[in-house]
1. Taking the highest mean first, how do the peptides 63-76, 222-235 order by number of other beta carbon atoms within 10 angstrom per residue?
2. Treating only the Cβ atoms of Lys and Arg (+1) and Asp and Glu (-1) as charged, compute the dipole magnitude of region 5-265 about its Cα centre; round to the nearest 20 debye.
3. May I ask you to derive the relative contact order of region 5-265, considering only C-alpha pairs under 8 Å and at least 6 residues apart, and to give it as an integer percent?
4. In Å, what Kirkwood hydrodynamic radius results for region 5-265 from the alpha-carbon pair distances?
5. Does anyone have the angle between helix 5-32 and the longest principal axis of the chain? Alpha-carbon axes, 0 to 90°, nearest 10?
6. Could you point to the residue in F169, M208, T127 farthest towards the positive end of the chain's charge dipole, with +1 and -1 charges on the Cβ of Lys/Arg and Asp/Glu respectively?
7. Using alpha carbons only, how many angstrom separate the centre of region 168-233 from the centre of region 72-104?
8. When the expected Rg is taken as 2.2 N^0.38 Å, what fraction or multiple of it is the alpha-carbon Rg of region 99-239?
Amino acid sequence: MTDDKSTRWGPWIFFGLTFALSWAVWMPLALLQIEHPVYRLGTFGPAIVALALTAAREGRAGLRDLGEKVLIWRVSVFWYLFSFFSTAVVALVAIRLHVLLGGKAGEFNDPAQLYLVIPVFLYVLLTSVVGEEIGWRGYALPRLQDRFGALGASLILGLVWGIWHLPLFWMAGNFHQHIPVSLFLLQTTGFSVLYTWMWNNTRGSLLMPHLFHAASNTTLGVLPILPTADYTTTRPLWLGAGLLCLMVVGVVAATGGLGDTTKGTKGTKERG
């Protein structure tokens with residue numbers, strides 16, 4: 001751990017600038033109840049701020065380091081399987097539990113349209129996830145870990161990540177309107193722990209969080225677990241959040257701390 005002031009304040013400066021940039025786009029749309037694709041620009045706030053701060057403090061070497069982490073793909077096949085399928089398994093189990101408890105499952109999309117999963121995945125990845133993960137996991141996570149450890153960093157980042165989404169809950173036409181804020185914050189915090197576990201055990205690969213994030217969002221959009229205007233029950237999603245928490249507890253207990261916090265953080269002690 002270092003006592004360098006710029007390192008201590010690095011994550012908080014990043015958070016402040018990210019909120020300012022993203023909310024500058026989102027808040028007018030939320031207050032005016034306008035539905036417009038321009039809201040996607042706010043999604044890129046974390047990446048834009050992370051790249052700007054990295055360039056300002058570390059120059060080309062820092063930017064090159066971030067780029068190299070995106071290209072780390074030689075990892076265990078387990079992480080690919082976990083990234084692509086873990087959220088789908090949790091969602092399917094949650095839906096099944098909901099039915100066993102007497103609930104009615106939502107309507108699945110036409111199986112003949114399963115080919116759309118790949119285009120949807122790529123769309124989510126390129127228009128949303130790319131704008132987030134370079135910031136959350138590429139910039140903020142290693143700096144928070146350096147100061148608070150893996151679990152502490154995960155909980156802080158998960159809560160901040162969730163709060164960052166708040167304007168979307170009041171934005172016309174956005175699916176967040178149908179989700180309780182408390183449930184969403186529980187989800188982002190739980191997922192944040194899993195992201196850290198992944199990051200620490202893949203040599204700081206940024207590719208894995210990108211795949212996990214995009215696959216999770218695609219799954220939640222394809223499987224009938226999210227409440228909608230016509231399917232208002234939140235029980236499947238609460239059950240999914242409960243299963244997510246059990247998974248998190250299991251991972252923390254099994255790893256004793258989510259893996260080595262020095263993995264993927266080389267040089268962050270000198271960075272702000």
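Since every read-out is calculated from the coordinates, none of them should be taken as a lab result. Note that the structure is a prediction, hence the values are computed from the model and not measured. Methodologically, a virtual Cβ is constructed for each residue, glycine included, from the backbone with ideal geometry; neighbour enumeration extends over all protein chains shown.
1. On the way: 63-76: 13.9, 222-235: 15.5.
Sorting 63-76, 222-235 by mean packing, highest first, produces 222-235, 63-76.
2. Working: 16 positive and 11 negative charges, 137 e Å.
In total the dipole reaches around 660 debye.
3. On the way: 341 pairs, mean separation 77.3, N = 261.
Relative contact order comes out at 30 percent.
4. Values: mean 1/r = 0.0527 Å⁻¹.
Mean inverse Cα-Cα distance, inverted, gives 19.0 Å.
5. So the inclination is approximately 40 degrees.
6. Of the listed residues, the answer is M208.
7. 12
8. Numbers: Rg = 16.2 Å, N = 141, 2.2 N^0.38 = 14.4 Å.
For region 99-239, the normalised Cα radius of gyration is 1.12.
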